[in-house]
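Reviewing the structure listed below.
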Amino acid sequence: MFDVHEMEVNFGPQHPSTHGVLRVLLRVDGERIIDAKPIIGYLHRGTEKLFEHMAYPQCIPHTDRMDYVASATNNLGFVEAVEKLMGVTKQIPKRAQLMRVMLSELQRISSHLLWLATHAIDIGAMTPFFYTFREREEVLDLFEQYCGARLTLNCMRIGGMPDDLPPGWLDDVERFCAKFDAAVDEYESLLTNNRIWKRRTVGIGVITAEEAIEWGITGPPLRGTGKEWDLRRAQPYECYPELEFDIPVGKNGDTYDRYLVRMEEMRQSNRILKQCIPLIKATPEGDIKAKISRVIRPPEGEVYHSIESPKGELGYYIVSDGKTQNAYRCHVRPPSFVNLQALPAMAKGHLVSDLVALIGTIDIVLGEVDR
């Protein structure tokens with residue numbers, strides 16, 4: 001039953017701050033949110049069913065289209081899951097592992113830069129958009145140098161990498177890393193102590209660590225509550241155990257803390273890249289693929305494998321019948337989809353204008369929510 005002062009309004013799917021095609025059915029009393037129901041599915045393409053009708057290598061370009069601003073990590077999670085199913089994880093050459101880590105961390109930086117740009121512009125700060133895209137353009141240039149693409153990369157293969165690094169690529173990464181920390185400082189000078197920014201983010205969408213775990217939230221929204229959980233450290237993969245990096249955490253679990261966590265994550269990704277450069281120079285050139293059959297036909301069995309994508313835990317569950325070159329069953333555990341379910345709990349009691357900040361702070365991509 002509705003109170004006489006309550007009404008229902010649609011927020012999205014056309015609203016630009018819903019990041020594509022998210023519709024939120026709001027019940028409001030004036031500007032105050034009483035309930036918020038996310039309605040999804042406008043971008044559903046049946047990706048998981050497509051995975052079951054294609055050979056394993058053919059699936060890799062389709063993983064790009066889920067979180068389409070973090071395609072390198074999508075690729076990584078899928079190829080690692082298939083490698084785990086085949087039992088060849090330990091055969092991946094060190095050079096290939098380092099290349100995967102470098103592309104993943106560049107992708108994390110690129111994803112966070114796009115998040116910061118859109119999150120800030122949604123709340124009303126336009127200048128950070130121009131600053132962040134300056135560095136993001138350089139990262140996309142590095143992707144283009146390696147694989148010829150800037151957004152949907154298709155840059156990894158089951159058993160290793162498609163190609164070795166082009167000449168001069170490491171030098172370009174080194175030049176980028178040398179100045180990136182100063183760029184993050186510049187972004188923070190615009191926002192971190194900005195009183196308008198703080199009034200729009202401090203105390204907004206507070207969620208505790210216990211609530212986050214109950215919802216299954218991962219990534220920066222979980223770490224913003226103070227919970228130190230990062231799959232690169234908790235369930236290490238590739239060569240992350242050999243690298244030094246910190247896991248940023250917040251204290252209050254609000255929109256401001258989630259902002260601070262992501263800002264520090266960019267610095268830590270830069271720190272990882274700096275460590276990878278000398279390590280990759282010490283590996284033999286061309287040693288980028290394991291010696292496995294060209295026909296990918298894993299034995300009968302099932303596997304679940306997850307990685308730390310820019311938005312949280314990205315997992316792939318694959319079932320193989322041992323007979324065909326495609327999965328009998330494939331399911332994706334996308335962080336955007338799982339994290340979005342906490343939006344109603346975060347939004348209740350806040351103003352409609354705060355909903356814009358909350359959608360931004362979760363950092364959803366609808367291609368990954370709907371699949």
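Data for the structure
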read-out: Distance (nanometres) between label positions extended 7 Å along Cα→Cβ at THR192 and ILE292; value: 4.2
read-out: Around LEU314: net Lys/Arg minus Asp/Glu count, Cβ-Cβ under 11 Å; value: -3
read-out: FRET efficiency estimate (nearest 0.05) - Cβ-Cβ, GLU8 to GLU174, R0 56 angstrom; value: 0.55
read-out: Range in the chain, longest, excluding exposed GluC sites (Glu not before Pro) [loop by DSSP; at most 11 other beta-carbon atoms within 10 Å]; value: 32-243
read-out: Three-way shape call for segment 48-370 based on the alpha-carbon gyration tensor, with the a/c threshold at 1.5; value: oblate
read-out: Using a Förster distance of 25 Å, the FRET efficiency for THR89-TYR68 (Cβ separation, nearest 0.05); value: 0.40
read-out: Burial ordering of MET263, MET7, MET126, MET156, fewest other beta-carbon atoms within 10 Å first; value: MET126, MET7, MET263, MET156
read-out: Amide H contacts under 5 Å for ILE39, placed H, 5+ residues apart; value: ARG23, VAL24, LEU25
read-out: Shape of segment 252-327, Cα gyration tensor, a/c cut at 1.5; value: oblate
read-out: Table column - 3J(HN,Hα) (Hz), segment 226-241, Karplus curve with 6.51, -1.76, 1.60, x for Gly and Pro; value: x, 7, 8, 9, 9, 5, 5, 10, 6, 9, x, 9, 6, 10, 4, x
read-out: J(HN,Hα) series, segment 21-29, from Karplus relation 6.51 cos²θ - 1.76 cosθ + 1.60, nearest Hz, glycine and proline x; value: 9, 8, 10, 10, 8, 9, 10, 10, 10
read-out: For segment 131-177 and segment 249-327, distance of Cα centres in Å; value: 16
read-out: Filtered trypsin sites (Lys or Arg not before Pro), segment 201-254: DSSP coil and at most 11 other beta carbons within 10 Å; value: LYS251
read-out: The chain: relative contact order in percent, alpha carbon pairs under 8 Å with at least 6 residues between; value: 27
read-out: Gain on full stretching of the segment that runs from LEU351 to HIS331 - 0.36 nm per residue minus C-alpha separation; value: 3.6 nm
read-out: Using a Förster distance of 35 Å, the FRET efficiency for ASP321-GLU242 (Cβ separation, nearest 0.05); value: 0.45
read-out: Chymotrypsin sites (Phe, Trp or Tyr not before Pro) restricted to DSSP loop in segment 1-104 with at most 12 other C-beta within 10 Å; value: PHE2
read-out: Net charge contributed by nearby residues that have their C-beta within less than 9 Å of ASP363 (K/R +1, D/E -1); value: +3
read-out: Dipole of the chain, positive direction: furthest Cα of PHE176, GLY46, PRO344, with charges on the beta-carbon; value: GLY46
read-out: Student exercise, the chain dipole from Lys, Arg, Asp, Glu Cβ charges, in Debye to nearest 20; value: 560
read-out: Neighbour cut-off at most 15 other Cβ (10 Å), DSSP loop, trypsin sites (Lys or Arg not before Pro), segment 253-308; value: LYS291, ARG294
read-out: Distance (nanometres) between label positions extended 7 Å along Cα→Cβ at THR283 and LEU25; value: 5.0
read-out: Other-chain or far-sequence residues with amide H under 5 Å of GLY219's (modelled H); value: GLU313
read-out: Residues LYS90, LYS311, sorted so that the one with the fewest Cβ neighbours within 10 Å comes first; value: LYS90, LYS311
read-out: Global geometry of segment 63-138, whether rounded, prolate or oblate, following the gyration tensor of its Cα atoms and the 1.5 cut on a/c; value: prolate
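Values quoted throughout were computed directly from the atomic coordinates according to the rules given, and no laboratory measurement underlies them. Since this is a predicted model, take the numbers as computed values, not measurements. Neighbour counts are summed over all protein chains in view; Cβ atoms, including those assigned to glycine, are modelled from backbone coordinates with ideal geometry.
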